[in-house]
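Working notes, beginning with the structure itself.
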Amino acid sequence: MGLFQDARSAATLLSNALQGRLRRKELARKLAQQPEFTPGRFKVGLYFADGEVNLYQVRQWYKPLEVLAKTWPVVILSRNTLGALKMLDESPVPVAYVRTVIDLEEFIAGQDLRVILYVNQNARNFQMFRYGQRWHVFINHGESDKMYMTTNQFKAYDYSLIAGDAARERLGRVLWDYDFDKRAIAIGRPQADHYTGTIPFTPDERQVVLYAPTWEGDRPAAAYGSVESHGLALVEALIATGRHRVIYRPHPRSGAVDFEYGQANDQIKSLLRRANSHDPQAKHIIDEGAELGWQLSVADMAIVDISAMVYDRLAAGKPLIITRPVNPDAEIDEGGYLSDCEWLDATAAGNIVTQIDAIEHDPAAQERLARWCNHYFGDITPGVPTQRFHDAIAHLMNEWEKQAELHKNDG
């Protein structure tokens, strides 16, 4: 048995080494096809030290950065082979592969980078922090009430671009002696101005309901998934009306831990396929694509689990219902929006249509939604978050100019 495991481990190592070599060759080929960067061209850099698994953190910033680059040229600084490979294919702004510290130093020496943006707390961010005479700015990869959003690591950055009042209050409870007025700049969620993807149906009189559950989680405290407890009943109820169209967007890890959870996910997909075969006009969607945007904009109602999807939908300013976890050990922070949201208990999942109709005609529910949306993201009028993002960068550029003038004789 030991010899067999050793042989399998050796084979895995060899396979990984060969794949790594092939990827490096492919990356070298792509880099050779790139035109050389013009010296002094870039003013803004987004630093990303992670690989493919965390690319979603950068992808949601592609569109905002593409628009920003029309004013302030932007480059993504990639430290990882797989991450660079992907981004060279898909990023709308240039990507510089700076694998080693020497590569990073050489690139910085040839550019006029004044603002460096960070989307996560990778430990290798500190390799970039060593370079002064520029602003290091944390922009994060989403808004939520998770513990990650209150880390003391915010203090490591010169500035942070936050969503709104909720973020400031959340950070205010844990960051001691932090100058929020100077270092925390609220911009809302500029991604909401750039929803991506093509709607795969022609909107009609049907009410569109997005059901976007998370996976089952790897521990009781994070058991937020509703596919097995709520999903089958609510999807069956929506299909039965003949006046709803369901967009089902399951988490890609559904069933990774719990086989029965995965089976429930498959059952929901089968339900939707059968419904479409019986009624081709229904056009229910099983959405397993990489792009997230069109779903949030087209859906009249969203049903989501406790996850980042809560806040992605809230930023759209459109109605949502949150499934209440059935596991009593699931941790729920009801200090923010979850203290006042529209909950769906598992026992009421079969009556989802009644709840949707009630919310749709409830002025109090609409007022609550608008109030919490403003609390988390401020003014979500189309174009306003993008303008706030651009204003924040312009402010940082102005502050850079002031400091450069003050220190022009420093040598």
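The values are calculated or read from the model by the stated rules, or taken from the named source; none is laboratory data. Note that the coordinates shown come from a computational prediction; the quantities given were computed from them, not determined experimentally. Because the Cβ atoms are built from the backbone with ideal geometry, glycine has one as well, and the counts that use them run over all protein chains shown.
List of remarks:
- Qualifying residue in region 1-24 (condition: modelled with pLDDT under 80 and in a loop (DSSP other than H, G, I, E, B)): yes
- Residues of region 330-350 that turn out to be touching a residue at least 12 places away in the same chain (Cβ under 8 Å) and outside any helix (DSSP H, G or I), as a count: 12
- If you go through region 81-95 and keep only what is under 22 Å from Thr38 (Cβ atoms), out of contact with any Ser or Thr (no Cβ under 7 Å at 6 or more places or on another chain) and crowded, with 17+ Cβ neighbours inside 10 Å, you end up with Leu88, Ser91, Val93, Pro94.
- Positions within region 225-246 being part of a loop (DSSP other than H, G, I, E, B), out of contact with any strand residue (DSSP E or B) (no Cβ under 8 Å at 6 or more places or on another chain) and buried (at least 21 other Cβ atoms within 10 Å of the Cβ), in sequence order: Gly225
- In the condition set (1) out of contact with any Ser or Thr (no Cβ under 6 Å at 6 or more places or on another chain); (2) surrounded by fewer than 20 Cβ atoms within 10 Å (Cβ to Cβ); (3) of a type in the set (Val, Ile, Thr), Val174 is compliant with all but (1).
- Selection count, region 30-53, where residues are farther than 22 Å from Trp135 by Cα and either buried (at least 17 other Cβ atoms within 10 Å of the Cβ) or of a type in the set (Gly, Ala, Ser) (or both): 2
- Here Phe138 clears all of (1) aromatic (Phe, Trp, Tyr); (2) over 19 Å from Ile187 (Cα atoms); (3) in contact with a strand residue (DSSP E or B) (Cβ under 7 Å, 6 or more places away or on another chain) except the condition numbered (2).
- Take the conditions (1) of a type in the set (Asp, Glu); (2) out of contact with any helix residue (DSSP H, G or I) (no Cβ under 7 Å at 6 or more places or on another chain); (3) at pLDDT below 95; Asp50 misses just one of them, which is (2).
- In region 308-324, the condition of being assigned to a loop (DSSP other than H, G, I, E, B), of a type outside the set (Lys, Arg) and under 28 Å from Leu369 (Cα atoms) is met by at least one residue.
- In the set Gln281, Gln267, Gln263, only one residue is modelled with pLDDT of 95 or more, more than 18 Å from the chain's Cα centre (by Cα) and part of a loop (DSSP other than H, G, I, E, B); that residue is Gln281.
- Qualifying strands (runs of 3 or more DSSP E) (wholly inside region 93-196; at least 3 residues being over 15 Å from the mean Cα position of the chain (by Cα) and free of Cβ contacts under 8 Å to residues at least 12 places away in the same chain): none
- Criterion (of a type in the set (Ser, Thr, Tyr), within 30 Å of Phe138 (Cα to Cα) and modelled with pLDDT of 95 or more) met by exactly one of Thr386, Thr347: Thr386
- Failed item in (1) among the acidic types (Asp, Glu); (2) touching a residue at least 24 places away in the same chain (Cβ under 8 Å); (3) over 30 Å from Arg253 (Cα atoms), with Asp410 passing the rest: (2)
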